[in-house]
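Below you'll find the structure, written out as C-alpha cells, and then a few comments.
The values are calculated or read from the model by the stated rules, or taken from the named source; none is laboratory data. All figures in this text were calculated on a predicted structure; none of them were measured in a lab. Positions of Cβ are generated from backbone atoms using ideal geometry, with glycine treated the same way; all protein chains shown enter the neighbour counts.
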Amino acid sequence: MTDSPTKPDVSLRLLEIFDAIMRCGTTVEAAEQLGISQPAVSNGIRQLEAQTGVTLFERLHRRLQPTEEAVALHEDIKPVFGLLRGFASRAQDMRQGVSGRLRVISTPPLGHTVAPLAMRRFLKERKDVSVAYDVRRLEHVVEAVQSGHADLGLALALERHPAVNVEVLARTHMVAVLPKTEKVSGSTVSAETLAKGDFVGLEIESNLGQKVRAAFERDGVAYKPRVEVRYCATAAVLASAGIGSAVIDPYTAAFNAGLGVIERGFLPPIEVAAVLITRKGIPRSRLQHAFISEMRKALTDFAAGGMQTIFGPR
C-alpha cells in the first residue's frame, strides 16, 4: 500500500502576497500595499512556488507576468480575499462606531418619548448601523440587560440594582395632569387637592406607583385611586377622558400634551431619575457610547424646552 501524496501546507500570508502581486502587477506596489519590503514579497512568491511546485510568474521587461496556472489559481482565491478585505473594513467601521448593531430596551416613559429622539440623531450619520429596539416593563428591561439580550436599558426611578449597573442620566420631577374641565389656579397642585376628586393611580407594585403613594402619605392624605393603571401614558389618556387626575412622569405628560389635559407641578415634589442600565463587567462599545451621548443630549433638550423643542410642533 502506497502513501497518498502530501498536500502542500500553504499559509494565508503567502496567498496574501500572491493576491497582492496579481492585483498590483509588481513586487514594489504589492510590498507598499502590504506594508512589507520588496524582498519579502519576492521571497514569499519563491516560497509559494516551491511549496506548490507550480511556476506562478515569469519576469518580462522588469515586470512579473502571471502564468496561466497563476491566473487559474487566483480565480479560486479571489473570493476569499474579497471577504477578508470586507471583514477588515467592517471591523474598522465597528471600531469607529459607524457600523454594527445596537440592542436597546426601555420602559415606556422614556421609550415612547425621549429615547426615539436620541435614536433618530444616533442613526442619522450612521447609515450602516441598525438598532433592535423594544419597550417593556422594568423587570423585563433589567432581565434583558443582565442576560446579555440587550446592550443598553433605559428606565425611570431605579437608583440601584444588585444585578446590573445603574447610571443616572438626568433627574426630574413628576407632574400632575388633570382633565381640562377642572378649574385649577397657580402653577402647582397638591396631593390634598387631587384627593378631593377622582384620581387615576399607577399600579402600586411599580416604583413610580410607590413614589406617588408615598407622596400622598407624606402630605397626610389617604391614597385611594378610583382607577389604577400600569402605565403613565394610560393615566394621561384617562385624564383626558375626564375620568380623573393623575401624577405621572414629565416626559409622558409633555408627549401627550395634545390630549388637552392640564399639566401642573405636583406637591409634595417627587424626584425621579432617568437612568441607564448596563451589564456588569462588559466594556461599552463605541456605538453604545454614541447612543448614550445622544440620550444625554435629548434629556438636556427636554429640560430646556420640553417635547416641542425636541420634536417640533405636533
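Could you tell me whether the stretch 255-273 includes any residue that is in a helix (DSSP H, G or I), in contact with a helix residue (DSSP H, G or I) (Cβ under 7 Å, 6 or more places away or on another chain) and crowded, with 20+ Cβ neighbours inside 10 Å? Yes, the stretch 255-273 contains a residue that is in a helix (DSSP H, G or I), in contact with a helix residue (DSSP H, G or I) (Cβ under 7 Å, 6 or more places away or on another chain) and crowded, with 20+ Cβ neighbours inside 10 Å.
The set of residues in the stretch 277-306 that are small (Gly, Ala, Ser), touching a strand residue (DSSP E or B) at 6+ places or on another chain (Cβ under 8 Å) and under 18 Å from Pro116 (Cα atoms) contains only Ala303.
Filter the stretch 56-70 for residues that are over 15 Å from Val10 (Cα atoms) and in contact (Cβ under 8 Å) with a residue 12 or more places away in the chain; which is surrounded by the fewest Cβ atoms within 10 Å (Cβ to Cβ)?
Filtering the stretch 56-70 down to residues over 15 Å from Val10 (Cα atoms) leaves 57-69.
Filter once more, so that each one left must be in contact (Cβ under 8 Å) with a residue 12 or more places away in the chain: 57, 63-64, 66-67, 69.
On the way: Phe57: 20, Arg63: 11, Leu64: 21, Pro66: 18, Thr67: 14, Glu69: 13.
My answer is Arg63.
Any residue at all in the stretch 278-293 that is modelled with pLDDT of 95 or more, under 30 Å from Thr193 (Cα atoms) and either in contact with a Phe, Trp or Tyr (Cβ under 9 Å, 6 or more places away or on another chain) or not acidic (Asp, Glu) (or both)? For the stretch 278-293, residues modelled with pLDDT of 95 or more, under 30 Å from Thr193 (Cα atoms) and either in contact with a Phe, Trp or Tyr (Cβ under 9 Å, 6 or more places away or on another chain) or not acidic (Asp, Glu) (or both): absent.
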